[in-house]
Amino acid sequence: MFTSRNSTTEMSKEKTTATTLIGAGTVLKGNISSSGDLRIDGTLVGNISSTAKIVIGSSGVVEGDLNGDSADVVGKVSGNIRVKELLHLRDDCVVNGNIYAGKLQVEPSATFNGQCQMGANVVDMLNTNELATSVG
């Protein structure tokens, strides 16, 4: 009449996601690859690749490229940004580099120096071209 469910089995099937935080005052040199959300409040000299959301906080500085599903930039980025979905340039952010995004939202106080290409297929085309050039 009653069926019992094993709670440990149910929990192991759930997808767990963690947020990685690089705190203010931290300087990191190297590339980051993550499947979870990522927040940078310190300084990163290197590239970021994530299959989730990337947040560059107000004290965050990134000297390298960003690749992710979505991103919010409040700090500074010197490098190209590739976002499949929404890229939000907030407050007094400074971006020096090219942007490739599905959608772009820019607040009036944000600074952006570079070229921008938008649309759902822009990022997919770039990824396909990068794979072709790296293989061949």
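Miscellaneous remarks
- For the range 18-135, the dipole from Cβ point charges (+1 on Lys and Arg, -1 on Asp and Glu) about the Cα centre works out to 80 debye, to the nearest 20.
- Each Lys or Arg adds one and each Asp or Glu subtracts one; over the other residues with Cβ under 9 Å from the Cβ of THR20, this totals 0.
- Rounded to the nearest whole Hz, the Karplus-based 3J(HN,Hα) values (6.51 cos²θ - 1.76 cosθ + 1.60, θ = phi - 60°) of the range 73-83 follow the sequence 10, 10, x, 10, 10, 10, x, 7, 10, 10, 10, with x at glycine and proline.
- For VAL73, net neighbour charge (Lys/Arg +1, Asp/Glu -1) across residues whose Cβ lies under 15 Å away: -4
- Couplings 3J(HN,Hα) of the range 84-90, computed from phi: 5, 10, 9, 10, 10, 9, 9 Hz, in residue order, whole Hz [Karplus 6.51 cos²θ - 1.76 cosθ + 1.60, θ = phi - 60°; x for Gly and Pro].
- Pair SER49, ALA120: separation of 7 Å Cα→Cβ label points (nm): 2.6
- Between LEU28 and GLU85, full extension at 0.36 nm per residue minus the direct alpha carbon distance yields a gain of 17.9 nm.
Here, each number is a calculation from the coordinates, and none is a lab measurement. What you are looking at is a predicted structure, and each value in this text was computed from that prediction instead of being measured. Quick reminder, even Gly has a Cβ in these numbers, built from the backbone with ideal geometry, and neighbours come from all protein chains shown.
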